[in-house]
Amino acid sequence: MESGSGIDDYETLISTTDADLLKRSWRNEKAAPEILQFQASLVQRSREQIQLMEETVEELVENGEDPLTVSLYQMDIDRTLFLLRSYLRTRVQKIEKFMFHIEKTAHLWTRLSRQEQKFAKRSMEDMKKHLEDSVLCKMPDRYKSHLKQSLISAEDDMVPEPKLDAFVICRTIKFLGGLPVDDSGEENPLDMYAGDIYALRYKSIKPLIESGQLDLV
Amino acid sequence: MRRRFPQFYAHVDKVFDEMPVWVVTVVKELKDYWNSKMYGRKASQLLKELVSGDSGQLTGFNNDLFKQVIEECDESVHHCQALLRKMQEEGTSNQTNKNPDHYGALVHHLSLVRNKRCLMAYVYNRAEVVQNLGWTFKAKLPDAIKMKLSSEEQKYFTNHYATLQSYMKDLDLDLAVDMLPPKDPYIKVRVLEEIGYVSLGDQVGNLTMHAILFLKRTVAEDYILQGKMEELTN
């Protein structure tokens, strides 16, 4: 890597606000078929900032500040709050959809926050009970599992999983060369320049999203 | 089909016409028998019901059909066990000797597993819709929707809603508000007074009373301030 790009990275790093980061995490979370790493410190910081801004707004109102200024502040709070809520909501919906899969896959389970893990556990109990009461209690003995079709099945073959080979739209942040985008065995590397937009299979670019070199849109 | 192969169908009709009446009756009976007895037919009907509705919408829980599929499962396991028992008595191992009974038992096992998959898919997919009801209706479901749920599904809704609430309490943040991005450039409004033809920015629209419209926020805001419109929020 050239020495110049290090400084560029540093500059983008300090000019990137938490609002940008939150927006990015929110977008990635919305577009990715599977659940991504919970941005614990980012969420924490954003919540602190929201609180701080709310206090500022109260102060401004008390001081009889120009209503326009106040409403601008308020709008900013509204936006951040929306992003935060929508981010957490999207994750909740993914947990609801793939709870059994997430729970039995260790590297996915650790991506959840402590509260999310608690939520997932309770959701699983609810769902399991519901499936048992509705279907499984009426099934014959060897067919009562909610994870397996029957006792003969070696693996859990009834757990919904996210479709990792779904296509996603992504944008490169910096140049990425020789990307293996096709797993058909054919040599078909792809050069991506900063700002390029591609529709690719999620599976093939998964590591790049996790390391923050690619953004989903 | 008929129009594309007129000659073929004319021939078929002729064959049917010339057939003795009893043959036609038997064919029909066989067809009915096939339709009602074929393993897995009912379960697939159950799923067809699920996918034919709009996504996110529920139809009434089909207790009747559901029960019939369960009965079919019982029947399958009954047949399956009978065959296995017969094989044990005859001393034929299902590993070495692939005899007809082995495959008979296998067919029953497979049809049972398929029925189970269908039943689970039916319940699970409905449960996913039930999960989402909490966002729109909060704890109290309208009667119209309640009627469509089975008693288990109602229980599940209550349980899952409580789980979601406890998660939000842990977070100390209500996630059920702010469902739409704030300050959307366009908003949904209801016209409260007869306004008539007016310019709406780039186009002219007829604003009649009670009309519900999607307008640019900047355009609508004036009317809202005058009390001639109200913003509709969900």
Legend entry - Calculated P(r) tail over 22 Å for the stretch B:43-171, as whole % of Cα pairs: 53
Legend entry - Listed pairs A:144/B:155; B:116/B:138; A:163/B:67; A:104/A:206 exceeding 28 Å between Cα atoms: B:116/B:138; A:163/B:67
Legend entry - Cβ-Cβ FRET estimate between residue B:154 and residue B:44, R0 fixed at 25 Å, reported to 0.05: 0.40
Legend entry - Cα centre as origin, Lys/Arg/Asp/Glu Cβ charges: chain A dipole, Debye: 1280
Legend entry - Distance in nm between pseudo-label sites at residue A:19 and residue B:68 (7 Å out along the Cβ direction from Cα): 6.0
Inset, instruction - Please report, in debye to the nearest 20, how large the charge dipole of the stretch B:43-171 is about its Cα centre when each Lys and Arg carries +1 at its beta carbon and each Asp and Glu carries -1 there. - result: 380
Legend entry - Listed residues B:176, B:8, B:66: farthest to the positive end of the dipole of the protein assembly as shown (Cβ charges): B:8
Inset, instruction - Please give the net charge around residue A:28, taking every other residue with its beta carbon less than 14 angstrom from that of residue A:28, where Lys and Arg add +1 and Asp and Glu add -1. - result: +4
Inset, instruction - With a Förster radius of 25 Å, plug the Cβ-Cβ distance of residue B:103 and residue B:23 into 1/(1 + (r/R0)^6) and report the FRET value to the nearest 0.05. - result: 0.20
Legend entry - Under the span-like rule (Cα at least 27 Å along the axis, Kyte-Doolittle mean at least -0.5), DSSP H helices of chain A: A:40-62, A:67-104
Inset, instruction - In debye, nearest 20, what is the charge dipole magnitude of the protein assembly as shown about its Cα centre with +1 on Lys and Arg Cβ and -1 on Asp and Glu Cβ, if you could check? - result: 2160
Legend entry - Residue-averaged beta-carbon neighbours from other chains (10 angstrom radius) around B:81-88: 0
Inset, instruction - Count the net charge of all other residues whose Cβ sits under 9 Å from the Cβ of residue A:215, scoring Lys and Arg as +1 and Asp and Glu as -1. - result: +3
Legend entry - Residue-by-residue Karplus 3J(HN,Hα) for the stretch B:205-211, coefficients 6.51, -1.76, 1.60, Hz, glycine and proline x: x, 9, 9, 8, 4, 6, 5
Inset, instruction - Quantify how strongly other chains surround peptide B:132-138 by giving the mean number of their Cβ atoms within 10 Å of each of its Cβ atoms. - result: 1
Inset, instruction - Calculate, in whole percent, how much of the Cα-Cα pair population of the protein assembly as shown lies beyond 32 Å. - result: 61
Legend entry - For A:78-88, mean number of other protein chain Cβ atoms within 10 Å: 4
Inset, instruction - Could you list which residues have their amide H under 5 Å from that of residue A:173, counting only those 5 or more apart in sequence or on another chain, with H placed in the peptide plane? - result: A:195, A:215
Legend entry - Vicinal HN-Hα couplings computed from phi for the stretch B:151-159 (Karplus, 6.51 cos²θ - 1.76 cosθ + 1.60; Hz; Gly/Pro x): 5, 5, 5, 5, 5, 4, 4, 4, 4
Legend entry - Helix-only CD estimate at 222 nm, as mean residue ellipticity for chain A, using -39500 (n - 2.57) per DSSP H run (n ≥ 4): -19000 deg cm²/dmol
Inset, instruction - Could you check which residue among A:116, A:55, A:34 shows the biggest mean-square fluctuation in a GNM of chain A with a 10 Å Cα cutoff? - result: A:55
Legend entry - Cα-based convex hull, chain A, per residue volume (Å³, whole number): 175
Legend entry - Ordering of A:87-97, B:57-67, B:71-81 by packing [mean C-beta count within 10 Å, highest first]: A:87-97, B:71-81, B:57-67
Legend entry - Segment residue A:66-residue A:217, length gained on full extension (0.36 nm per residue, minus Cα span): 50.7 nm
Inset, instruction - Tell me which residues come under 5 Å, amide H to amide H, from residue A:179 once H is placed; ignore anything under 5 positions away on its chain. - result: A:190, A:191, A:192
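FYI, it's all coordinate maths here, none of it is from the lab. A quick note: this is a predicted structure, and the numbers were derived from the prediction, not measured. Heads up, the Cβs are rebuilt from the backbone with ideal geometry, glycines too, and the neighbour counts pull from every protein chain shown.
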